[in-house]
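Enquirer: One structure, pasted below without further comment.
The values are calculated or read from the model by the stated rules, or taken from the named source; none is laboratory data. These figures come from a predicted structure and were not determined experimentally. Cβ: placed from backbone, ideal geometry, glycine included. Neighbour counts: every protein chain shown. Ligands, DNA and RNA are stripped out before the accessible areas are found, and what is left, the full protein with its side chains, is counted by its heavy atoms. Shrake-Rupley method; radii C 1.70, N 1.55, O 1.52, S 1.80 Å.
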Amino acid sequence: LLASNADVDGREEGGVSKIKDQGACGSCWAFAATGALESAVRIEKQDQPLYSEQDLVDCSSSYGNMGCNGGWMDSAYEYIIDHGVASEADYPYTAKDGVCDNTHERTQPMVDYVDLSGCDDLQNALDKQPISVAVDASNWGLYRGGVMTNCKTAINHGVVLVGVTDDYWGVKNSWSTLWGEAGYIRLAKGNTCAICQYPSYPILDG
């Protein structure tokens, strides 16, 4: 996905978890939150957890999320800070709204999160870890590869920014490995698809 040694690519250091598939449920926000959190833990703790999107879909509605009808990464982070999060294995994904199941063991990997402002902050923060970002993905359906330049700016999707070069952002999506470049998309540098509007990332527990 990304080239030269001067670039940032979280996957080179094993800092990016597997591509997942949200299916027909509008739970991208949950995948963007768990994806950034999984990356942070991989990088800082040398551990490789997979967290439960279904936990967030079913249980974080009181934080303003709407399950398969949308939500926000920051709201997911706030839920995790207060309640922890189950593992993907313990609370598997169903791609539909369910009743919150509080019988699962939850771990508490994070204590706070940071909201960034603008493309410069976004690129600087990416030196440390992948970042959850909100984008306009309304014309991503036909993407097969290359650097996308023709985006709109109405936020409607959550993804994880994992890398950057002088020319493009490297983004991890949650539409399976069959989509895009094995699940990834390259966006032209700058505020393409509104990627610099609402970035945030988790702060771990020390």
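Enquirer: What accessible surface, in Å², does a 1.4 Å probe find on residue 174, ignoring ligands, DNA and RNA and rounding to the nearest 10?
Expert: Approximately 10 Å² for this residue.
Enquirer: Separate question: With a point put 7 Å past each Cα toward its Cβ, work out how far residue 124 is from residue 82 in nm, to one decimal.
Expert: Those two pseudo-labels are separated by 3.2 nm.
Enquirer: When N is the residue count of the chain, what does its C-alpha Rg come to as a fraction of 2.2 N^0.38 Å?
Expert: For the chain, the normalised Cα radius of gyration comes out at 0.94.
Enquirer: Take the Cα atoms of segment 50-156, build their convex hull, and give its volume per residue in Å³.
Expert: That works out to 147 Å³ per residue.
Enquirer: Pop out the ³J(HN,Hα) list for segment 51-67 in order, Karplus 6.51 cos²θ - 1.76 cosθ + 1.60 with θ = phi - 60°, rounded to Hz; leave Gly and Pro as x.
Expert: 9, 8, 5, 5, 4, 5, 4, 7, 10, 9, 5, 5, 9, x, 7, 10, x
Enquirer: Please list, in chain and number order, the residues 5+ apart from residue 8 or on another chain whose amide H is under 5 Å from its amide H, with Hs placed from the backbone.
Expert: Those lying under 5 Å, H to H, from residue 8 are 164.
Enquirer: Same structure again: Need the C-alpha centroid separation for segment 150-170 versus segment 28-92, integer Å.
Expert: 20 Å
Enquirer: Also, I was wondering about something else. Can you give the FRET efficiency to the nearest 0.05 for residue 24 and residue 166, using r as the Cβ-Cβ distance and R₀ = 35 Å?
Expert: With a Förster radius of 35 Å, E is 0.40.
Enquirer: Which value in deg cm²/dmol, rounded to the nearest 500, describes the helix-derived mean residue ellipticity at 222 nm for the chain, given -39,500 (n - 2.57) per DSSP H run of n ≥ 4 and division by the residue count?
Expert: -6500 deg cm²/dmol
Enquirer: Going highest first, how would you order 66-77, 16-27, 107-118 by mean Cβ packing within 10 Å?
Expert: In decreasing order of mean packing, 66-77, 16-27, 107-118 become 66-77, 16-27, 107-118.
Enquirer: About the Cα centre of the chain, what is the dipole size in debye to 20, counting +1 per Lys and Arg Cβ and -1 per Asp and Glu Cβ, all else neutral?
Expert: With Lys and Arg at +1 and Asp and Glu at -1, about 680 debye.
Enquirer: Continuing with the same structure: Can you give the FRET efficiency for residue 114 and residue 178, using 1/(1 + (r/R0)^6), R0 = 22 Å, r = Cβ-Cβ distance, to the nearest 0.05?
Expert: 0.10
Enquirer: Would you mind calculating the gained length between residue 144 and residue 100 on full extension (0.36 nm times residue separation, minus the Cα-Cα distance), in nm to one decimal?
Expert: Result for the pair: 12.2 nm of gain on full extension.
Enquirer: Separate question: Going highest first, how would you order 90-99, 140-149, 125-134, 182-191 by mean Cβ packing within 10 Å?
Expert: The packing order, highest mean first, is 125-134, 182-191, 90-99, 140-149.
Enquirer: Taking a Cβ-Cβ separation under 4.7 Å as the criterion for a possible partner, which cysteines of the chain have none?
Expert: 28
Enquirer: Assuming 0.36 nm per residue, please report the length gained on full extension of the stretch residue 61 to residue 47 beyond their Cα-Cα distance.
Expert: In short, 2.2 nm is gained.
Enquirer: Among all lysine pairs in the chain that are eight or more places apart or on different chains, how many have alpha carbons less than 16 angstrom apart?
Expert: Close lysine pairs found across the chain: 6.
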